[in-house]
Amino acid sequence: MSKKIDKVKTNWPVMVLLIMGLSTIAFPLYMAIVIAFKQPSEMTNSISGILSLPSEWSLSNFAQAMEVTDFWRSLGNSVLITVVTVVLSIVLHSMMGYAIGRNRGHSKFYKFVYLFIVSGMFVPFAILMMPLAKQTAELGLANWAGVIILYVVFYMPMNVLLYSGYLVNIPIALEEAARVDGANTWRTYWKVIFPIMKPMHATVAIITALAVWNDVMTPLVIMSGTGQNTLPLAQLNFQTQFGTNYNLAFASYLLALIPILIFYVICQKQIINGVVNGAVK
């Protein structure tokens with residue numbers, strides 16, 4: 001009995017594009033790591049001098065960057081704002097998506113509300129920037145609480161769109177069966193619908209968390225001058241003061257990158273499953 005072995009052909013155009021894409025990430029990351037561990041005296045104007053390994057691996061640049069940027073306080077603010085925003089977004093936006101998704105088909109009011117909310121995705125932040133800064137200052141919300149409220153509002157259109165679309169795949173017969181058993185709408189949602197939407201919860205959490213964590217404009221507009229910084233805002237302020245000190249600057253950038261890398265490594269499986277399950281309908 002002869003065995004037929006099929007040779008796997010290499011798609012060289014795709015392979016070349018893949019290598020080029022990886023190099024655009026690997027090369028800057030390598031340069032950032034090497035420069036962050038070097039001392040200013042080791043920096044030269046030649047490419048070989050910049051890319052060469054440091055003569056002595058030292059954490060002095062990282063220690064100084066943590067002190068200058070008030071790293072731990074900025075990290076705590078970023079974690080607090082991100083976690084609270086994600087939790088509020090999942091709870092509030094899922095309820096709104098459920099109410100709109102189940103009623104817009106036979107109600108002009110809910111259809112109008114849906115279109116009104118989704119249209120918010122097309123409003124540029126630059127138009128809202130100055131009015132929001134004025135309002136938050138007058139309401140005493142020029143702090144992390146005001147930033148969280150704005151994030152919940154900003155990401156509402158996208159999240160409501162995702163939740164209402166995902167509800168199409170949930171049979172309404174499940175809700176009818178729960179009502180026959182005596183459950184009201186509130187109990188039906190929390191006991192039946194909310195657990196079923198777990199894949200979409202993961203998708204919304206990932207999208208919202210990454211957007212909030214990396215955003216600098218909203219904290220800059222709302223929290224600027226209050227002494228409270230998020231990590232991206234601290235990096236922006238740091239860049240204006242120490243932009244020419246490349247060793248210190250790259251060490252600071254790596255410090256800001258480490259938390260999100262740790263988050264990805266720990267939650268890698270959940271992130272992949274959440275995106276895949278949330279996208280497949």
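The values are calculated or read from the model by the stated rules, or taken from the named source; none is laboratory data. Remember, predicted model here, so these are calculated numbers, not experimental data. Glycine also receives a Cβ, built like all others from the backbone with ideal geometry; neighbour counts cover every protein chain displayed.
The rows are residues; the columns are (1) out of contact with any Ser or Thr (no Cβ under 7 Å at 6 or more places or on another chain); (2) exposed (fewer than 14 other Cβ atoms within 10 Å of the Cβ); (3) assigned to a helix (DSSP H, G or I).
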| site | (1), (2), (3) |
| --- | --- |
| ILE127 | yes, yes, yes |
| ALA137 | yes, yes, yes |
| LEU141 | yes, no, no |
| ILE148 | no, no, yes |
| SER164 | yes, no, yes |
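Can you name every residue in the stretch 105-125 that is part of a loop (DSSP other than H, G, I, E, B) and over 14 Å from TYR155 (Cα atoms)?
Correct list: GLY105, HIS106, SER107.
Restricting to the stretch 168-206, count the residues that are under 17 Å from LEU88 (Cα atoms) and among the hydroxyl-bearing types (Ser, Thr, Tyr).
Going through the stretch 168-206 one residue at a time, the tally reaches 2.
Tell me which residues, restricted to the stretch 34-87, are part of a helix (DSSP H, G or I), farther than 25 Å from LEU236 by Cα and modelled with pLDDT of 80 or more.
Scanning the stretch 34-87 gives a single hit, VAL87.
Looking at the stretch 153-162, which of the residues that are at pLDDT 90 or above and buried (at least 21 other Cβ atoms within 10 Å of the Cβ) is nearest to LYS134 (Cα to Cα)?
TYR155
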